[in-house]
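Undergrad: Please see the structure below; I have some questions.
Computed from the coordinates by the stated procedures, all read-outs in this text should not be read as laboratory data. Here the structure is a predicted model, which means the values were calculated and not measured. Methodologically, a virtual Cβ is constructed for each residue, glycine included, from the backbone with ideal geometry; neighbour enumeration extends over all protein chains shown.
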Amino acid sequence: MQGGGTTAAAGGSDGMSSPPPSAARNPTMRHLEQLMAQLLDGVILIDPTGVILNANPAALTMHGVHAVAELGATAEDYAARFTLWSQDHRRLKHREYPLFRLLAGESLPDMVVEVAPMDEGEARWVHEVRDVTLDIDGDEPDYLALVISDVSERFDAEARFKAMFQANPAPAIVVRQRDGRIAQANPGFLSLTGFQPDDLIGKTVFGADLLAGLPEGTDVGRCIEAGDVVPQTDAELLTADGMRRLVLFAGQPIDVTDEDALLLTFADLEPRRQAERSLAASERHLQAVFEMAPVAMAVTRDVDHRLVQVNAVFRELFGYDAAAAVGRTADDIALWQQSEQRAALEAEVAQAGRVRNREGQLAAKDGTAIDCAVSAETIDVQGAACVLWAYQDVTERRRSEAELGAAIDEVLKDASWISRSILDRLANLRRPGPHAPAAELSPREREILDLICDDLNDAAIAERLSIARNTVRNHVARLYGKIGVNRRSGAVVWGRERGMGTK
């Protein structure tokens, strides 16, 4: 039965139009109307000439209207009242509208269109449409029906997911569950691997050999096929240059795409692996330097002061092999002659982080006393706070210094026959200073230096010695040049180191 160009009018409270008189007498049409009214999907019924015969309430709601007349009397009227876009937001020409394709005899297998009233520039709804042809008498189609599902919420979710997926800095891919093929790859994944989208889309994860080195018992393929969660797993990820990067990846089922899929996200562990390798190499180098150091060295744990390592010179100097020293404290092996001295240095290291060249009286395994210059520095060993100790044996030097000092003291007991310059040199050896060169001073210069060390200024010195002030200045200038200083305070230090001055 055809509508004969009759325009359907708005119907009763159910939103259905009243059929033309001929249709009203047709039981088939009445049954169609009753069936359409109960459907959740929208239905627009037209005849082969393009006249819109009817529409159920769901179809009206999906177009934001309340009556069939607001859809238009014909397909042309409909096209004049509504703008349609393709799924990729390309504006459709009238002949591409589902109603016109339906009239042209084309099949519409789940065609997706975006829809908006003509006066609006953005889509308001997303419709998934399919066609139904009604043939009553077995001849030409009597009615054509456009069945509509409102999938706006699903497509909104997909759009949000796509935006988030593309913006997410974490590398990720979407894998279809039905065939395990890659559907999407975000910029983070492309940047990490160096692949182009065409290198990945449509290929399976394992067909592309993306993942290797999976732990034994891991079955990522089964998880993808079953749509199960993929737990966090280490793997070697293939890159475009044929190399492999260590990654940590996991998979999560998602339902915001048009088919079941898994979202696989990746964390790049390659920098960490390279850092660990570099650290291991550095530690090997440091261990070699530690072992070959020309002074005795040891490493103790900061938490309990137990020995962790001792080098070759330590073992030779103190007589302990590694087995006898490592794991024990300095007190356990009686390394220090006075535990108070050791405790004081440990406290200073704890407070300041280091000590430098402190005097220490230590003892070898056989009890031999060993004088050391002790230095220490806090360090980190494989994440644990430790202290590196250096013990420089100064026993022989101290013995030589003591012998030299004793000899000088013996000479100085009767120095009447020694010149003043030689006494200066002996005093310098007895009490060495960091900047104390030997100097040949005249009696007047020595006299002036002695007064300088008593904190007298030039005017007071001139008055004390009954000489002109300029003469004092000239003597002071020559004095500075001889003792290697450029200021009064330096001269005071130099002179007092040699016993000058009375204060």
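Undergrad: How many nm separate the modelled label positions at Asp332 and Val303, each set 7 Å beyond the Cα in the direction of the Cβ?
TA: Result for the modelled spin labels: 1.5 nm.
Undergrad: Can you tell me the FRET efficiency between Ala163 and Gln252 if r is taken as the Cβ-Cβ distance and R0 is 25 Å, rounded to the nearest 0.05?
TA: 0.90
Undergrad: Report ³J(HN,Hα) in whole Hz for each residue of region 52-62, in order, from the Karplus equation J = 6.51 cos²θ - 1.76 cosθ + 1.60 where θ = phi - 60°; Gly and Pro get x.
TA: 7, 7, 6, 7, 7, x, 4, 5, 5, 4, 5
Undergrad: Measuring from label point to label point, each 7 Å out along Cα→Cβ, what is the Ala212 to Asp119 span in nm?
TA: 6.5 nm
Undergrad: What does a probe at Arg397 reach in region 351-365, counting residues whose amide N is under 18 Å from the point 7 Å along Cα→Cβ?
TA: Answer for this model: 355-363.
Undergrad: Given 0.36 nm per residue, what is the gain on full extension from Glu96 to Glu463 after removing their alpha carbon distance, in nm?
TA: 120.2 nm
Undergrad: Show me 233-239, 337-343 ranked by packing, highest mean number of other Cβ atoms within 10 Å first.
TA: 233-239, 337-343
Undergrad: With r defined as the distance between the Cβ atoms of Ala385 and Asp260 and R0 fixed at 45 Å, what FRET efficiency is calculated, to the nearest 0.05?
TA: It comes out at approximately 0.30.
Undergrad: Arranged by the count of other C-beta atoms within 10 angstrom, fewest first, what order do Cys453, Cys372 take?
TA: Listing Cys453, Cys372 from fewest to most nearby Cβ atoms yields Cys453, Cys372.
Undergrad: Take each of the peptides 291-304, 62-75, average the number of other beta-carbon atoms within 10 Å over its residues, and list them starting from the highest.
TA: Peptide ranking by packing, descending: 62-75, 291-304.
Undergrad: At 7 Å along Cα-to-Cβ for each site, give me the label-to-label distance between Asp455 and Thr133 in nm.
TA: 12.1 nm
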